[in-house]
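Participant: Have a look at the structure that comes next, please.
Read the figures in this text as sums done on the coordinates, not as results from a lab. This structure is a prediction, so every number in the text was calculated from the model and none was measured. All Cβ positions, even for glycine, are placed from backbone atoms using ideal geometry, and neighbour counts span all protein chains on display.
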Amino acid sequence: MNIEELKQTFDMIEESDEKFAFVIELGKQLSPYPQDKKDDEHKIYGCSSNVWFNVTKNDNKYYFDFESDALIVKGLLFIIKTIFDGHNVNEIKTIDAMQFFEANRDENPKFPYHYRLHYSTSGYLLSYLVRISPYTEEQIRFQNNQFDAPSRQIHSIDEIL
């Protein structure tokens, strides 16, 4: 599934509960995560569920692998992977992932947030995107102009590969 197919599917779904169910189904489609990368070095902290993140570079394009023990989070990770996977760093810098999520927010929801669970807060989404500019800058702003623990700070995707 590509980003256009995701957009079209979300456009066809009218009810929040149906969007929620669709995101869960997307989580079931997330590619298997490499078991040797399921360690503390690849774990994303700050979420009530366990999340692991790995990036590989091939021909100057980046490919992302995610794992979570929560289906709704896996669904959101599937969307993030679909948005960013297979792009070079310059393309990644121009992608506005928040635009996708904002475009798929209900205008008049039954509930005053994306879903009936806490996973829909901007903080959780930013914790996934923090490793990609310009979202790094957003994370710093979100944390009162401070960054996470220096030992976990990432300056550049190129540095970690």
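Participant: For MET1 and ASN145, what is the calculated FRET efficiency with R₀ set at 30 Å and r taken between the beta-carbons, to the nearest 0.05? Walk me through the intermediate numbers first.
Facilitator: Details: r = 37 Å, r/R0 = 1.25.
Approximately 0.20, to the nearest 0.05.
Participant: Which lysines does LYS7 reach when only Cα atoms under 17 Å apart count, and residues fewer than 8 places away in its own chain are ignored?
Facilitator: The reachable lysines, counting only those whose Cα sits under 17 Å from LYS7, are LYS19, LYS81.
Participant: A further question on this structure: Once fully extended, how much extra length lies between ASP69 and GLU91, figured as 0.36 nm per residue of separation less the alpha-carbon to alpha-carbon distance?
Facilitator: Values: separation 22, 0.36 × 22 = 7.92 nm, distance 2.97 nm.
Extra length from ASP69 to GLU91 when fully extended: 4.9 nm.
Participant: Which order do peptides 77-88, 12-23 fall in by mean Cβ count within 10 Å, highest first? The partial results should precede the final answer.
Facilitator: Numbers: 77-88: 19.0, 12-23: 14.8.
Output ranking for 77-88, 12-23: 77-88, 12-23.
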